[in-house]
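The values are calculated or read from the model by the stated rules, or taken from the named source; none is laboratory data. Computed from a predicted structure; not experimentally measured. Cβ placement follows ideal geometry from the backbone for every residue including glycine, while neighbour counts extend to all protein chains displayed. Areas reflect the complete protein model, heavy atoms only, side chains present, ligands, DNA and RNA absent. Shrake-Rupley method; radii C 1.70, N 1.55, O 1.52, S 1.80 Å.
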Amino acid sequence: MKTRYRVQLLCRSLLIAVVSLGLTAEAIAGETGKIAGTVVDDEGSPLPGVQVIVEGTSPLRGAVTDEDGFYQIIKLDPDRYTVSFRFIGFSETRVENVQVRVDQTTRIDVTMRIALIEGEEVVIIAERPIVEMGRTTTTSVVDEQQLEALPLAGLEDAINLQAGVVDGHFRGGRAAEVSYLVNGVPITNVFSNTAAFEVQENAVANLEVISGVFNAEYGQALSGVVNIVTKTAPRNWSASVQADVGTYLSSREVPYLNRIANDQDTYSVADFETVTVPYTEAANLPNWRNYQFDIGGPLMRDRLGFRLTGRYRKQSSHVIGRDWFSPSDSSAIDVSFPADEWVIESSGTGDFVASESERLFANPNLIWQVSQNVKLDYNAFLSLGEARDIDHGDKYVPTGQNKSYELNQTHILTARILHSNTAFSSFSYSFLHDKSDRYLYEIPDDFESTGILDQRYVSPEHNQLVGQNAFSVGGNDLSTWDALTASHTFRADYTNQLTRVHQMKVGFQGRFHRLDNRLYGIEISSRTKWQPIVSPNKFNDERLRATPTELSGYVQDKMEFENLIINAGLRADYFDADYVQPIDWSQAPSEMIADLSTPEPGDSTSNRVNTEPRFQLSPRLGVAFPISATGVVRFSAGLFFQIPAMSLLYTNPEFEVDPTAGSNTYGNPGINPERTLAFEVGLQQALTSDLGVELTIFSKDIRNLTGQEFTTDRKYVTPAIHWTNIDYGTIFGLTLSVFQRRRGGVAWDIDYTLQFADGTASDPDQAYGRFLSGLDPIRRMYRLDWDRRHVLNLQLTYNPSDRFSVSLINRLRAGAPYTSARDFVRSFVENNVNRPAQIISDVRMYWAPGFLPSNFQFFVQVENLFDQEIIDFVYADTGSPTTSYNRLLFERSGSEIGGVNTLEDWFYNAAFYGPPRQVRFGVRTRL
């Protein structure tokens, strides 16, 4: 049933995309840049009246220099352009390879020569300056060519290569403190505060990563902004196709259970052994498959353009299980009896089964030039995928674990109007529909009439057949997650170049969300007559329906003086959870409680109150001023606002208490927004015409972070936990970048990040985890879990011709901290020891044989080139990823393992390690 639903929804999404091909838009605020400069003659005198034209734009964009020889052209999409300068009596000057970036001014100053020969032309190849004088914050832009050249597995890798970004954490902040936008429109799923879908690299024209203090036009983020600009319809028809496959190529071996005997109804312990298996045997072949295409061109010259990007990708993880047991297998394992008397069912095939994901992505785009001043664009992003994760404890029952399914459709329509050469506006509407499910078996067709789920579900007794340090030998997941986040976003922006100095932006955005989630357990017991049904226990059937609203507005003034750039802005944010919350958290389940304000016994009053809307004003300021012709210093500061993930606001939305549980947790829809006050000081300096350096010192003060507060439920006398603004943190550090643009076919970039990230909690639910472990709450700041003190990234590209290129990425990262335990006593200092450091090298090489056209290329990509054993997690009591004092104690005790595996197998967890070396081979061609 759910498969049919997903297919029907995908068909409807495609239908919307087709119908919308006539109703379209273009990218909005934060998606364009400008070209400006001065034109003089050979003697340095300004030339007024020079005609400046940006070639290849439709309609043709340009300007005329004023009495000071100054010109500026706004509203240019990020791209590489040729700019021509024409003036009577002077040679025409053409500047090629002019690169325009989002929110940046590209400065092109030209000296024109008197024409000695009629029709004489001067051609200049532009190079982007080493120092960006107008940039007031830390921003990195990765273009289409860089994405193709670098050995990346996805956009996430490109983001993590930027200075100040470590494992998705921007300058030490929590991972959910980042805003994700596509073409200037937010694509964040507000329930999880993560990107609702993954834009594929072949659809990206520019990736902008802002890790510093960002302008007032960006909101709902504390640490950073990722703005993805997708490709649009080209002026001429073109196409590209790429296909590649890959596999693990590693000498590393992994312990696995092996069944010696076969084709028996039951087995004994003697029929199983633990063997080591190399990854080349355990991994699927291939374990990476990628097929992608891109086609586009004009449907009507200079009026209507179309582009379609598509990709299919299937990848398998290095976390691999083995199918030895089916969920319905039932075994008699009891350590109180000799192991040779155990009776074991094992009906699995013995196949290796990896954690894997499979995804289908499409991005149709249509551009319609309605008139010379009105341009419309439509983008659809359609993503269909499924994934399976192998849990360590269920390593040998992989078919009993839930799969995740997702279907996302996002439609963006934007209209841009050019009011004059100095003013334009944009209006956009986007619809995000993010559906995610997690289940083992689909709901039967007759469920509505019978109420019975798939008969293959087995009772929880099958999950409880083994004892200590043993893998499951049967059983299955007995829960289902069904979630929908739908968001309607309206946005309007107006930009006006009021004077040569002042560029004003004002904008408004409204996001209207609908959350419709259900999480329920599956019960198979005597009271269900051993039939699998939705649990009749109300505590195991949670339903959320909510309609929160976000509103925001901003004003931004970019002032570009001759030797000073100022970005000043003010943002206003409003949030309404549109829900109720308890007045007395110790009686949260009770809608009515005793009214203690009156002397009359028995009087009651409501324990519910409507949540109050939240509002904040956030000022932003950025300043840049040159200290020399090749150096600039900048300073920026700002206050930032973010509503926590809606999953925290609406946890346990019915405020129920399960009396059989040791504690209960409630959401808090009335929680205050999280706030960050951030500062940075930076220096850009050109060392030579090709070599530059950038140094940034940053600091963040974080308040109102979401944490947990404990009370005692008055009725059940159990801990009652609710989310509140209790946590805080401070972060400071520096980033240093040294880079050389391409010379002689070689370009390189070195980024170093030093950071000190301290706080009272690494995760909002950390206090609950400590409670379950019997630990006291933390009441002081400590190193956060992701605080890698030192991170060094090196990018090196060698591209001597259009037939050959090789790119190398090296990453050196200090180990993340953990809390040690010695002699079974946990350290009183949280995160007092580092895990091992990591060195990772990836490489990609393109080659076009001489007997083929240069646009037909073969490539090879190797990740973890030297097959380093990358340690991500360790056992706290030993600092080792393979052994624990618990293992040593268990061995000394002489106790029996409660299953058929060995301790070596049990204590080796593949998820503690990064992936081994993977090699991919592919071919790419452009038409």
Quick check on the range 590-597. Is at least one of its residues open to solvent by 20 Å² or more (accessible area, probe 1.4 Å) and of a type in the set (S, T, N, Q)?
yes
Checking 446, 437 in turn, the sole residue that is charged (D, E, K, R) and either out of contact with any Phe, Trp or Tyr (no Cβ under 8 Å at 6 or more places or on another chain) or open to solvent by 40 Å² or more (accessible area, probe 1.4 Å) (or both) turns out to be 446
Answer yes if at least one residue in the range 762-782 is assigned to a strand (DSSP E or B), open to solvent by 30 Å² or more (accessible area, probe 1.4 Å) and either more than 30 Å from residue 856 (Cβ to Cβ) or modelled with pLDDT of 90 or more (or both), and no otherwise.
no
Residues being part of a loop (DSSP other than H, G, I, E, B) and under 32 Å from the mean Cα position of the chain (by Cα) - total across the range 875-926
12
Test of understanding: among 170, 214, 191, which residue is touching a helix residue (DSSP H, G or I) at 6+ places or on another chain (Cβ under 6 Å) and more than 30 Å from residue 299 (Cα to Cα)?
191
Members of the range 413-433 that are over 14 Å from residue 185 (Cβ atoms), open to solvent by 10 Å² or more (accessible area, probe 1.4 Å) and of a type in the set (A, V, I, L, M):
417, 418
Among the residues of the range 805-831, the number that are within 22 Å of residue 780 (Cα to Cα), part of a strand (DSSP E or B) and hydroxyl-bearing (Ser, Thr, Tyr) is 1
Scanning the range 845-874 for residues that are touching a residue at least 24 places away in the same chain (Cβ under 8 Å), surrounded by fewer than 20 Cβ atoms within 10 Å (Cβ to Cβ) and among the aromatic types (Phe, Trp, Tyr) gives 847, 856, 858, 866, 873
Complete set of residues in the range 809-844 that are open to solvent by 70 Å² or more (accessible area, probe 1.4 Å), over 21 Å from residue 158 (Cα atoms) and either over 33 Å from the mean Cα position of the chain (by Cα) or of a type in the set (Val, Ile, Thr) (or both)
822, 823, 824, 825, 826, 828, 829
If I go through the range 248-260 residue by residue, how many of them are under 17 Å from residue 323 (Cβ atoms) and open to solvent by 20 Å² or more (accessible area, probe 1.4 Å)?
3
For the range 601-638, name all the residues that are of a type in the set (A, V, I, L, M), modelled with pLDDT of 90 or more and open to solvent by 50 Å² or more (accessible area, probe 1.4 Å).
609, 617, 621, 627
So, of the residues in the range 78-103 that are under 23 Å from residue 234 (Cβ atoms) and either among the hydroxyl-bearing types (Ser, Thr, Tyr) or in contact with a Gly (Cβ under 8 Å, 6 or more places away or on another chain) (or both), which turns out to be most open to solvent (accessible area, probe 1.4 Å)?
101
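Test residue 134 against the criterion of being in a loop (DSSP other than H, G, I, E, B), out of contact with any His (no Cβ under 6 Å at 6 or more places or on another chain) and at pLDDT 85 or above, and give yes or no.
no
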Checking the condition open to solvent by less than 10 Å² (accessible area, probe 1.4 Å) and β-branched (Val, Ile, Thr), which residue from 399, 349, 410 passes?
410
Out of the residues in the range 546-556 that are touching a residue at least 60 places away in the same chain (Cβ under 8 Å) and under 22 Å from residue 665 (Cα atoms), state the one that is surrounded by the most Cβ atoms within 10 Å (Cβ to Cβ).
548
Search the range 714-736 for residues that are farther than 23 Å from residue 648 by Cα and pair each with any residue that is of a type in the set (Lys, Arg) and in a strand (DSSP E or B) when their beta-carbon atoms are under 6 Å apart and the residues are at least 6 apart or on different chains.
731/700
Among 153, 205, 196, the single one that is over 15 Å from the mean Cα position of the chain (by Cα) and in contact (Cβ under 8 Å) with a residue 40 or more places away in the chain is 205
Among the candidates 12, 94, 6, which residue alone is modelled with pLDDT under 50 and touching a strand residue (DSSP E or B) at 6+ places or on another chain (Cβ under 6 Å)?
6
Taking the range 468-491 only, how many residues are under 30 Å from residue 76 (Cβ atoms) and surrounded by 19 or more Cβ atoms within 10 Å (Cβ to Cβ)?
3
Count - residues of the range 362-381 that are open to solvent by 10 Å² or more (accessible area, probe 1.4 Å) and touching a Phe, Trp or Tyr at 6+ places or on another chain (Cβ under 7 Å):
1
Could you tell me how many of the residues in the range 230-251 are of a type in the set (A, V, I, L, M, F, W, C) and within 30 Å of residue 915 (Cα to Cα)?
4
